[in-house]
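Student: What follows is a structure written as structure tokens; I'll ask about it next.
The values are calculated or read from the model by the stated rules, or taken from the named source; none is laboratory data. Predicted, not measured: the structure shown is a model, and the values here were computed from it. Ideal geometry is used to build each Cβ from the backbone, glycine not excepted, and the neighbour counts take in all protein chains shown. For the accessible areas, the whole protein counts, side chains as well, though only heavy atoms, and no ligand, DNA or RNA atoms are used. Shrake-Rupley method; radii C 1.70, N 1.55, O 1.52, S 1.80 Å.
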Amino acid sequence: MAAFDYREELKKIPHRPGVYQYYDKQGTLIYIGKAKDLKNRVSSYFLKDEYQHNAKTRVLVRKINKITFTIVDTEIDAWLLENSLIKKHQPRYNVLLKDDKTYPWIVIKNERFPRIFWTRKIIKDGSKYFGPYASVGMMHAILGVIKEIFPLRTCNLPLTASNIEQRKFRVCLEYQIGNCKGPCEAYQAEEEYNQHIESIKDILNGKTGVVFKQLKANLEQATNNLQFELAHILKQKLELLSNYQSKSTIVSNTISDVDVFNIASEEGYAFVNFLKVMNGTVIQTQTLELKKRLDESDRELLSLAVQELRTRFNSSSKEIIVPFMLDVESPNFKQTVPQLGDKKKLLDLSYKNVSFFKRERLDQYEKLNPELKTERLLTKMKADLRLNVLPKHIECFDNSNFQGKYPVSAIVVFKDAKPSKKDYRHFNVKTVEGPNDFATMEEAVFRRYKRMLDEGSPLPQLIIIDGGKGQLSAALKSLKKLEIESKVTVIGIAKRLEELYYPGDQYPLYLDKRSETLKIIQHLRDEAHRFGITFHRNQRSRKTFQTELEQIPGIGRTSAEKLLVNFKSVKKIKEASKEQLMEVVNTKQADAILAYFSV
């Protein structure tokens, strides 16, 4: 077989809409894609610089050994064909869609005096199916309301006209307890039964208002005819229907028959929520999980999910509400990207649902494999902070002083987005006099990384400075002295608005207040502040006590420190005997201490 030459293959591909297929050397189908322009799309895999693709796409391109394609008339045809081929072949590098075979449906059987029940199996016998229902509980609740309002048969007897006329059947217990009106013995007319079936179809389609009006009219008629027992039964049915309607999500009576879609994606996964709205009520909802195989965009993933969900739910809505325009033009529906109003509220509702589902599902995955969470957080930080590498090692600096005295600096270390307390360090500032926060930061950063360089320790990928532009500039000055400013990323966080500053950039970066990246940075900053304040208080306390002890004749700084180390507090020094004091200082100093505290 001749070697694969993509240049020759590209010459055969026309500028037409269609579906393309990639095969490997073993002849295995590994990828299926659609395109508005086949030649341009397929060419983009081979003519782009290799490093413009992500790692998975680069592997895919290296494996391609054969290209086939199918031309279609329109882009929507390409969309439909791609979806069906992916379902059939499930190529390795295509997005993985979860199967829908186990979802239940409500069926109205195609028979005389139709039965209504739930099933997981669709039989093409002319029966009417409603669903599928993502929530089994919701489906049972709907069936319960229907059976309360409309007594229907549950038996599977063949109720043909001749069988009923020949009185082949007898009413059962369901008739005796009022759950069935006995069509098997002609106690209920077929016309009345079918009216109930039509009302049930309206309820299942979300048209509860139609049924509500009919029941209300029947109630008024029964009351006018003094049929009080019937009126009471109708009133109970109205209350049941009203209660069911109140539990449904009402959005707007002006919105009828639309499909709403929204997407939330993560590294490796995407989640798409679908809301089916009929007559102002959300009657169906489902969230689809997609596992990414390549670097698919949200637009590509949502296009795939829209087709899948509309097929799955047999939707024929003429309008879909989406967060952005999809690269699909279809005569079957129009796309709406709302900015305000009830449709925007619907889109927001869909996003709340998909965000909750995403968080819940990722939490499940991360409990089973904690490394997934770490990898996800670090990847998110890398993207949010525009880093070149994953920030597996982060360090944060904070300064403390008291009215310009006792300046200290603290550093905390996070590894894999978690505190590494054994690596925390603090510094007594040596070269700074007075309240100079910038000079304190400069000294602390210089001493920290000078020592790391001398010891050959690996540098962090990210340094965070608690402060604004001034503190950041001071830290950068030290990094430049050590000639490592290009080896690490350093940012400053200003507390007032939580803005992030980068060296040389006059405009700060603002992250979403709910962002996990910002929460980790805040945790670092708060931990550095806590660690620094604790050390600062201890230092201030010791030095205050040292100052008092140094007032005693013959006691200098060294002797005061020895006494505090041995006795822990000035109170215990006061209570010590001469013999105990002489274990630390000489006889003359012990006498001086006893004389000082005896006054």
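Student: If I go through the range 490-514 residue by residue, how many of them are hydroxyl-bearing (Ser, Thr, Tyr), crowded, with 16+ Cβ neighbours inside 10 Å and over 21 Å from Glu443 (Cβ atoms)?
Tutor: Residues of the range 490-514 hydroxyl-bearing (Ser, Thr, Tyr): 501-502, 507, 510.
Filter once more, so that each one left must be crowded, with 16+ Cβ neighbours inside 10 Å: 501-502.
Pick out the ones that are also over 21 Å from Glu443 (Cβ atoms) and you get 502.
Total meeting the criteria: 1.
Student: Pairs please, first residue from the range 93-110 and over 23 Å from Tyr45 (Cβ atoms), second anywhere and modelled with pLDDT of 80 or more and small (Gly, Ala, Ser), Cβ atoms under 8 Å, 6+ apart in sequence or on different chains.
Tutor: Short answer, once both residue conditions are applied: Val107/Ser127; Ile108/Ser127; Lys109/Ser127; Asn110/Gly126; Asn110/Ser127.
Student: Another question, if that's okay. Inside the range 497-535, can you point out the residues that are over 26 Å from Pro407 (Cβ atoms) and among the β-branched types (Val, Ile, Thr)?
Tutor: First, the residues of the range 497-535 that are over 26 Å from Pro407 (Cβ atoms): 497, 502, 504-520.
Answer for the range 497-535, where residues must be over 26 Å from Pro407 (Cβ atoms) and among the β-branched types (Val, Ile, Thr): Thr517, Ile520.
Student: Quick one: in the range 515-555, which of the residues that are surrounded by fewer than 18 Cβ atoms within 10 Å (Cβ to Cβ) and of a type in the set (Ser, Thr, Tyr) is modelled with the highest pLDDT?
Tutor: Ser515
Student: A further question follows. Within the range 342-358, is there a residue that is hydrophobic (A, V, I, L, M, F, W, C), at pLDDT 80 or above and touching a helix residue (DSSP H, G or I) at 6+ places or on another chain (Cβ under 7 Å)?
Tutor: So far as the range 342-358 goes, no, none of its residues is hydrophobic (A, V, I, L, M, F, W, C), at pLDDT 80 or above and touching a helix residue (DSSP H, G or I) at 6+ places or on another chain (Cβ under 7 Å).
Student: Please pick out the residue among Leu326, Leu362 that is open to solvent by less than 30 Å² (accessible area, probe 1.4 Å), part of a helix (DSSP H, G or I) and of a type outside the set (Phe, Trp, Tyr). First the steps, then the outcome.
Tutor: Numbers: Leu326 fails: part of a helix (DSSP H, G or I).
Going through Leu326, Leu362 in turn, just one is open to solvent by less than 30 Å² (accessible area, probe 1.4 Å), part of a helix (DSSP H, G or I) and of a type outside the set (Phe, Trp, Tyr): Leu362.
Student: OK, next. When the residues of the range 254-272 are filtered to those that are of a type in the set (S, T, N, Q) and assigned to a strand (DSSP E or B), which remaining residue is most open to solvent (accessible area, probe 1.4 Å)? Spell out how you get there, then give the answer.
Tutor: Let us first name the residues in the range 254-272 that are of a type in the set (S, T, N, Q), namely 254, 256, 262, 265.
Narrowing the set further to residues that are assigned to a strand (DSSP E or B) leaves 262, 265.
Numbers: Asn262: 12, Ser265: 39 Å².
The qualifying residue most open to solvent (accessible area, probe 1.4 Å) is Ser265.
Student: Search the range 20-35 for residues that are more than 18 Å from Leu10 (Cα to Cα) and pair each with any residue that is in a strand (DSSP E or B) and of a type in the set (S, T, N, Q) when their beta-carbon atoms are under 8 Å apart and the residues are at least 6 apart or on different chains.
Tutor: Leu29/Gln21
Student: What about Leu275, is it closer than 25 Å to Pro91 by Cα and either hydrophobic (A, V, I, L, M, F, W, C) or buried (at least 20 other Cβ atoms within 10 Å of the Cβ) (or both)?
Tutor: no
Student: Based on what the data block shows, is Tyr187 at pLDDT 85 or above, hydroxyl-bearing (Ser, Thr, Tyr) and within 48 Å of the chain's Cα centre (by Cα)? Break it down stepwise before answering.
Tutor: Numbers: at pLDDT 85 or above: yes; hydroxyl-bearing (Ser, Thr, Tyr): yes; within 48 Å of the chain's Cα centre (by Cα): no.
For Tyr187, the condition - at pLDDT 85 or above, hydroxyl-bearing (Ser, Thr, Tyr) and within 48 Å of the chain's Cα centre (by Cα) - is not met.
Student: Just give me the residues in the range 568-590 being open to solvent by 40 Å² or more (accessible area, probe 1.4 Å) and under 60 Å from the mean Cα position of the chain (by Cα), in sequence order.
Tutor: Residues satisfying the conditions are Lys568, Lys571, Lys572.
Student: Among the candidates Ile106, Ile122, which residue alone is farther than 23 Å from Leu301 by Cα, open to solvent by less than 30 Å² (accessible area, probe 1.4 Å) and either at pLDDT 80 or above or over 29 Å from the mean Cα position of the chain (by Cα) (or both)? Break it down stepwise before answering.
Tutor: Details: Ile122 fails: open to solvent by less than 30 Å² (accessible area, probe 1.4 Å).
Within the list Ile106, Ile122, the selection yields Ile106.
Student: Here is a further query. Hey, among the residues in the range 172-187 that are free of Cβ contacts under 8 Å to residues at least 12 places away in the same chain and part of a loop (DSSP other than H, G, I, E, B), which one's surrounded by the most Cβ atoms within 10 Å (Cβ to Cβ)? I'd like the intermediate steps shown before the answer.
Tutor: Restricting attention to the range 172-187, the residues satisfying the condition of being free of Cβ contacts under 8 Å to residues at least 12 places away in the same chain are 173, 176-177, 182.
Add one more test, that the residue is part of a loop (DSSP other than H, G, I, E, B), and what stays is 177, 182.
Details: Ile177: 9, Gly182: 17.
The selected residue is Gly182.
Student: Considering each residue of the range 458-513, count those that are assigned to a strand (DSSP E or B) and more than 35 Å from the chain's Cα centre (by Cα), and give that number.
Tutor: Pass one, the range 458-513, residues assigned to a strand (DSSP E or B): 462-466, 489-494, 499-501, 509.
Of the ones still in play, those that are also more than 35 Å from the chain's Cα centre (by Cα) are none.
Number of matching residues: 0.
For every residue, the table says whether it meets (1) closer than 24 Å to Gly341 by Cβ; (2) at pLDDT 80 or above.
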{"position": "Glu267", "(1), (2)": "no, no"}
{"position": "Ala270", "(1), (2)": "no, yes"}
{"position": "Glu289", "(1), (2)": "no, yes"}
{"position": "Ser303", "(1), (2)": "no, yes"}
{"position": "Val306", "(1), (2)": "yes, yes"}
{"position": "Asn314", "(1), (2)": "no, no"}
{"position": "Ile321", "(1), (2)": "yes, yes"}
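Student: Determine if the range 158-166 includes at least one residue that is touching a Cys at 6+ places or on another chain (Cβ under 7 Å), modelled with pLDDT of 85 or more and over 30 Å from Leu349 (Cα atoms). Lay out the reasoning, then the answer.
Tutor: Let us first name the residues in the range 158-166 that are touching a Cys at 6+ places or on another chain (Cβ under 7 Å), namely 159, 164.
Adding the requirement that they be modelled with pLDDT of 85 or more leaves 159, 164.
From the residues that got through so far, the ones that are over 30 Å from Leu349 (Cα atoms) too are 159, 164.
Yes; the residues of the range 158-166 include at least one that is touching a Cys at 6+ places or on another chain (Cβ under 7 Å), modelled with pLDDT of 85 or more and over 30 Å from Leu349 (Cα atoms).
Student: I need the full set of residues from the range 155-171 which are under 29 Å from Glu239 (Cβ atoms) and either open to solvent by 90 Å² or more (accessible area, probe 1.4 Å) or touching a Gly at 6+ places or on another chain (Cβ under 8 Å) (or both), in order please. Let's see the steps before the verdict.
Tutor: Taking the range 155-171 and keeping what is under 29 Å from Glu239 (Cβ atoms), we get 155, 171.
Within the range 155-171, just Val171 meets the criteria.
Student: Can you pull out every residue in the range 332-375 that is within 11 Å of the chain's Cα centre (by Cα) and either more than 24 Å from Phe261 (Cβ to Cβ) or without any contact (Cβ under 8 Å) to a residue 24 or more places away in the chain (or both)?
Tutor: Just the residues of the range 332-375 that are within 11 Å of the chain's Cα centre (by Cα), to begin with: 351-363.
Across the range 332-375, the qualifying residues are Lys352, Phe356, Arg359, Glu360, Asp363.
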